[in-house]
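Since the structure comes first, as structure tokens, the remarks are kept for the end.
Taken together, the values in this text are just the output of simple stated rules run on the coordinates, not laboratory data. Remember, it's a predicted structure, so these values are computed and weren't measured experimentally. Cβ sites come from the backbone with ideal geometry, for glycine too, and all protein chains shown count toward neighbours.
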Amino acid sequence: MDGFDLIIFDCDGVLVDSEIIAADVESGLLTEAGYPISAEEMGERFAGMTWRNILLQIEREASIPFSASLLDKSEHLLDLRLAQDVQPIPGVEFAVSRLPIKRCICSNSSTKRLDMMLTKVGLKPLFAPNIFSAKDLGPDRVKPKPDIFLHGASQMGVSPDKVVVVEDSVHGVHAARAAGMRVIGFTGASHSYPAHADKLTDAGAETAISRMNDLPGVVAALAAWDNVF
């Protein structure tokens, strides 16, 4: 696979089916706070964004001031729900076993939450210790900024132009493209919606898949296509 030296996976909505759980928790809190929104709309509009940035965006759009306690309340409730309900995305182990290149995770989730989710679903041994959180880089360095992807590539000793990223969110695709990396969109998690693939490709993903089992073939095809030109 000469075209790529590293594959970077987002975690939420790519390796673990957590985005739908987050959307359910956060939509309930927003509705209670005076901003009615469904879990489905949360998934479509805000997947890939931190809870803090979601609140800031809604405050700007709707002029609704939210209590600072919403930040902590959401984190607590979400951790409880994830610890109980999060499931792996089917096919991850198959895909990883057939990708003969370096791999790592680059996520907006905290290191503590990543450790909990990946341990619960049994995927941590596939990636440890190469699991990176944007929150560890400092304030305001989360996606859609490219910082976490550039950090991951640097830690793995790979040039950004030799990296392919698997992302489920528009914000994540924008971050990867800003980092100079190629992107495969993923739409196989429970929070997906009819226009999901189109939005990912419009944002810069070269293609989108809905089954993780298809990933090795798509990575190989993109690598071969790159070598033709």
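Of note:
- Subtracting the Cα-Cα distance of ARG45 and LEU80 from their residue separation scaled by 0.36 nm leaves 10.3 nm.
- Between the helical axis of 215-228 and the longest alpha-carbon principal axis of the chain there is an angle of about 50 degrees.
- Spin-label model distance (nm) - THR31 vs ARG141, 7 Å beyond Cα toward Cβ: 3.8
- Measuring r between the beta carbons of LEU56 and ASP161 and using R0 = 41 Å, the FRET efficiency lands at 0.80.
- Applying 0.36 nm per residue to the separation of ASP198 and SER38 and subtracting their alpha-carbon distance, the gain on full extension is 55.5 nm.
- On Cα atoms only, tilt of 51-62 relative to the major axis of the chain in degrees: 60
- Distance from the C-alpha centroid of the range 147-181 to that of the range 14-78: 25 Å, rounded to the whole angstrom.
- Note on Cα Rg over 2.2 N^0.38 Å: of the candidates (i) 0.98; (ii) 1.08; (iii) 1.27, the value calculated from this structure sits at (i).
- Qualifying trypsin sites (Lys or Arg not before Pro) in the range 74-108, DSSP loop, other Cβ atoms within 10 Å at most 13: ARG98
- Burial order of peptide ranges 112-123, 136-147, 41-52, 15-26 (average beta-carbon count within 10 Å, highest first): 15-26, 41-52, 112-123, 136-147
- Mean residue ellipticity (222 nm) of the chain, computed from DSSP H runs ≥ 4 via -39,500 (n - 2.57), nearest 500: -14500 deg cm²/dmol
- Spin-label model, SER67 to ARG211: label points 7 Å out along the Cα-to-beta-carbon direction sit 4.7 nm apart.
- Antiparallel bridge percentage (DSSP; both residues within the chain; nearest 5): 5
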